[in-house]
Amino acid sequence: MIEIIRIPALSDNYIWLAHDPESGETVVIDPAEAEPVLAAAADRGWAITQIWNTHWHPDHVGGNAAIKAATGCTITGPAAESDRIATLDVLVSGGDEVRMGKVRADVIDVPAHTSGHIAYHLPEEHCIFVGDTLFAMGCGRLFEGTPEQMFDNMTRLAALPGDTMVYCAHEYTQSNGRYALAAEPGNADIVSRMAKVDAMRLRGEATVPTTIALERATNPFMRAASAAELAERRAAKDSFRG
């Protein structure tokens, strides 16, 4: 089993540090900045060998260059966004795979937040790194894509095993949950989850990772019945002041 560490960064980002004890490889997923990543790895005696980027936004690639300079790691990211991520060494698209030692990660195309956004699914580890596509009770804003694309993403992700751990890149759960309550006021699962989320945030605790099963039950975007409904909910969430 790999070990996965959550590293808070910037105002609400999470960087993920994944370590394979068997091979000794350590992968950074979406480093917003370098310093906390290098410190976390050093504290554990882990040697960073790779970076995996999900998309080009600066709060996901901002630490690439400094981490590479410090460690000589290899940087992998979406081929469709290679013109916007100058530090990439390896270009991947949906259907490709990457490895951390013997651990396989399948690359999945999930465009919509950005045009070339990808996710990394580690089926044997029962986890997926989704960047800004899927959040706890939310989904990414449609900056470069369409509701149809995001609906396809939600459908594909919902089909993963329910115990799949979902590692997203921001602490948005509380605000997402307030909208979820408004979108589905009769959903007892959302009510129950939000009580736990509010208590966790009051204690200063992180609310992610989440699971696919929990998102199926409580995420209004994953639960949308059509692209049109997802579009309505995305527009409503963007203007929501709960």
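Just the residues that are under 23 Å from Thr164 (Cα atoms) and either at pLDDT below 95 or in a loop (DSSP other than H, G, I, E, B) (or both), please, taken from the range 183-217.
Within the range 183-217, Asn187, Glu205, Ala206, Thr207, Val208, Pro209 qualify.
Is the range 83-104 home to any residue that is in contact with a Leu (Cβ under 9 Å, 6 or more places away or on another chain) and among the small types (Gly, Ala, Ser)? I'd like the intermediate steps shown before the answer.
First pass over the range 83-104, keeping only residues in contact with a Leu (Cβ under 9 Å, 6 or more places away or on another chain): 100, 103-104.
Now drop any that are not among the small types (Gly, Ala, Ser), which leaves none.
No, that holds for no residue.
Kindly indicate whether Trp16 is of a type in the set (Phe, Trp, Tyr) and without any contact (Cβ under 8 Å) to a residue 60 or more places away in the chain. Even if it seems obvious, please write down each step before you answer.
Numbers: of a type in the set (Phe, Trp, Tyr): yes; without any contact (Cβ under 8 Å) to a residue 60 or more places away in the chain: no.
Here the answer is no, as Trp16 does not meet what is asked.
Out of (1) farther than 16 Å from Trp16 by Cβ; (2) aromatic (Phe, Trp, Tyr); (3) in contact with a Cys (Cβ under 7 Å, 6 or more places away or on another chain), the odd one out for Phe143 is which?
(3)
Among the residues of the range 157-182, write down those that are part of a loop (DSSP other than H, G, I, E, B), within 22 Å of Pro111 (Cα to Cα) and touching a His at 6+ places or on another chain (Cβ under 8 Å).
Scanning the range 157-182 gives Leu160, Pro161, Thr164, Ala169.
Of everything in the range 218-242, what is surrounded by fewer than 17 Cβ atoms within 10 Å (Cβ to Cβ) and assigned to a helix (DSSP H, G or I)? Give them in sequence order. Break it down into steps so the answer makes sense when it comes.
Within the range 218-242, the first condition is being surrounded by fewer than 17 Cβ atoms within 10 Å (Cβ to Cβ), and the residues that meet it are 225-226, 228-229, 232, 235-236, 238-242.
Correct list: Ala228, Glu229, Glu232, Ala235, Ala236, Asp238, Ser239.
Just for helices (runs of 4 or more DSSP H) wholly inside the range 33-148: which have at least 3 residues that are of a type outside the set (A, V, I, L, M) and open to solvent by 10 Å² or more (accessible area, probe 1.4 Å)?
35-44
Among the residues of the range 164-180, are any surrounded by fewer than 16 Cβ atoms within 10 Å (Cβ to Cβ), of a type outside the set (Asp, Glu) and more than 17 Å from the chain's Cα centre (by Cα)?
Within the range 164-180, none of the residues are surrounded by fewer than 16 Cβ atoms within 10 Å (Cβ to Cβ), of a type outside the set (Asp, Glu) and more than 17 Å from the chain's Cα centre (by Cα).
The values are calculated or read from the model by the stated rules, or taken from the named source; none is laboratory data. This is a predicted model, so every value here is computed, not measured. Ideal geometry is used to build each Cβ from the backbone, glycine not excepted, and the neighbour counts take in all protein chains shown. Remember, those area values only see protein heavy atoms, side chains included, never the ligands or the DNA or RNA. Shrake-Rupley method; radii C 1.70, N 1.55, O 1.52, S 1.80 Å.
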